[in-house]
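Heads up, the thing below is written out as structure tokens.
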Amino acid sequence: MAETSQDPAPLFRAAIQALAKGDPAAARLLPALDAFPDFAPGWLALASVLRDRGQSQAAALTLLRAVRAASATPAMLHQGGQAFAQLGQRDAAMSAFRRAVAQDPGFAPAWYSLGLALQDCAACAEAAAAFERAFALKPDFHEAAFNAGVAWQGAGEMAPAMDAYAASYRLRPDSFGRIAQALIAAPTGALWLRPSALRAVLDSRAAA
């Protein structure tokens, strides 16, 4: 359906407010929103209210409209992907994150979210690459560095895993305990009997 020249924001706002309040007027207002299929901000806001009301299926369908809208920006696609992930819609979340980074390859948060989604799918090497892209774009992104280490370790690649852990440790020395735990938690890992030995390895890789 083609969009009209009317500003859709007030109509979406009224429908969302009515829905949030449980106002019967929502039943009249919601169908009118179909005249604006490309108003991504409105569909995102509506999906949020539906999710809060426990209407998960309706929220997921509304999110699809948001991320498919031609007006959806990378930030909106990222927001939609995060909402899909909260609803347990992993494939839809990943698709939204991929579209976000395709539109804006410099959008670090979307690369990080894509890495998390890939990690959930056990696509460890691809997840690690996404985390590393996020870290390269935002060099103080500690969680991206740490998760890159976890993902590389999950892929059985200990050398890049240790490099990522070293970067994480350099940014936040208090992450040492998490790193040590991660190294013994996965099938492919390593155990340092002396914490000082692990610290020395991380320090040396961080300085390289």
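The values are calculated or read from the model by the stated rules, or taken from the named source; none is laboratory data. The shown structure was predicted, so the numbers you read here are calculated from the model rather than taken from an experiment. Neighbour counts are summed over all protein chains in view; Cβ atoms, including those assigned to glycine, are modelled from backbone coordinates with ideal geometry.
Below is a table of values for the structure above.
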{"item": "Near pairs, Cβ below 9 angstrom, 6+ apart or cross-chain, from the stretch 175-191 (at negative phi and modelled with pLDDT under 70) to any residue that is surrounded by fewer than 14 Cβ atoms within 10 Å (Cβ to Cβ) and in a helix (DSSP H, G or I)", "result": "Ala190/Ile184; Leu191/Ile184"}
{"item": "Residue list for the stretch 86-112, filter: of a type in the set (Gly, Ala, Ser) and more than 18 Å from Pro139 (Cβ to Cβ)", "result": "Gly88, Ala92, Ala93, Ser95, Ala96, Ala100, Ala102"}
{"item": "Breaking point among (1) assigned to a helix (DSSP H, G or I); (2) more than 28 Å from the chain's Cα centre (by Cα), for Pro24", "result": "(1)"}
{"item": "Residue within the stretch 66-78 that is under 23 Å from Gly22 (Cα atoms), part of a helix (DSSP H, G or I), out of contact with any Lys or Arg (no Cβ under 9 Å at 6 or more places or on another chain) and of a type in the set (A, V, I, L, M, F, W, C) present", "result": "yes"}
{"item": "Test: Asp174 is outside any helix (DSSP H, G or I) and farther than 24 Å from Arg90 by Cα", "result": "no"}
{"item": "Scope the stretch 143-183; condition of a type in the set (Asp, Glu), more than 20 Å from the chain's Cα centre (by Cα) and closer than 20 Å to Arg133 by Cβ; matching residues", "result": "Glu157, Asp163"}
